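Take a look at the structure below.
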Amino acid sequence: MSYSVTLVDCPDTPSAAIRAAEGRFRCALESSLVEGVEPFLKAFKRANNPRLIGVTDAELRLAEAWLRAYELADAAGFLGLCADDEAYFEVRLLDDIVVNPHWTDQA
């Protein structure tokens, strides 16, 4: 399944710089998650959904790996870019809800 990466809340940044940052983020994320982004992202969403019970240990390990990979990708994406604390990279699976690690409650 494919996914998109969007830099959000980085005002006054030229579109070419945004596309470059999104590309760096994607490249770093895929380098960390060589088995594919989808299973890690889905596990992260399940582990952070308070309405779901029965999250497995395997899903928790995948969710933790997602967080580590996201942090590395975030650093790569923001390299030389805006320092706005509100800016973040939004990752979305095709036909799926938005995943933002800054959320405290996911729908």
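The values are calculated or read from the model by the stated rules, or taken from the named source; none is laboratory data. Just so it is clear, the structure is predicted and the values come from calculations on it, not from any experiment. Ideal geometry is used to build each Cβ from the backbone, glycine not excepted, and the neighbour counts take in all protein chains shown.
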Contacts under 8 angstrom Cβ, first residue in region 8-32 being at positive phi, partner of a type in the set (Phe, Trp, Tyr), 6 or more apart: Asp9/Tyr88
Read through the list (1) among the β-branched types (Val, Ile, Thr); (2) within 12 Å of Tyr3 (Cβ to Cβ); (3) modelled with pLDDT of 90 or more, then give the number of the only condition that Thr56 fails. (2)
Residues of region 1-18 being surrounded by 14 or more Cβ atoms within 10 Å (Cβ to Cβ), within 11 Å of Phe89 (Cβ to Cβ) and over 12 Å from the mean Cα position of the chain (by Cα), in sequence order, are Cys10, Ile18
Residue that is farthest from Ala76 (Cα to Cα), among those in region 19-40 that are surrounded by 16 or more Cβ atoms within 10 Å (Cβ to Cβ) and in contact with a strand residue (DSSP E or B) (Cβ under 8 Å, 6 or more places away or on another chain): Val37
Picking from Arg68, Arg46, Arg26, the residue that is among the basic types (Lys, Arg), under 19 Å from Leu94 (Cα atoms), at pLDDT 95 or above and not in a strand (DSSP E or B) would be Arg26
Being aromatic (Phe, Trp, Tyr) and touching a Gly at 6+ places or on another chain (Cβ under 7 Å): is that true of Phe78 here? no
Do you know which of the residues in region 45-68 that are touching a residue at least 24 places away in the same chain (Cβ under 8 Å) and more than 18 Å from Ser31 (Cα to Cα) is nearest to the chain's Cα centre (by Cα)? Lys45
Over region 41-96, the set of residues farther than 14 Å from Ala21 by Cα, aliphatic (A, V, I, L, M) and crowded, with 17+ Cβ neighbours inside 10 Å is Leu41, Ala43, Ala47, Leu62, Ala63, Ala65, Ala69, Leu93
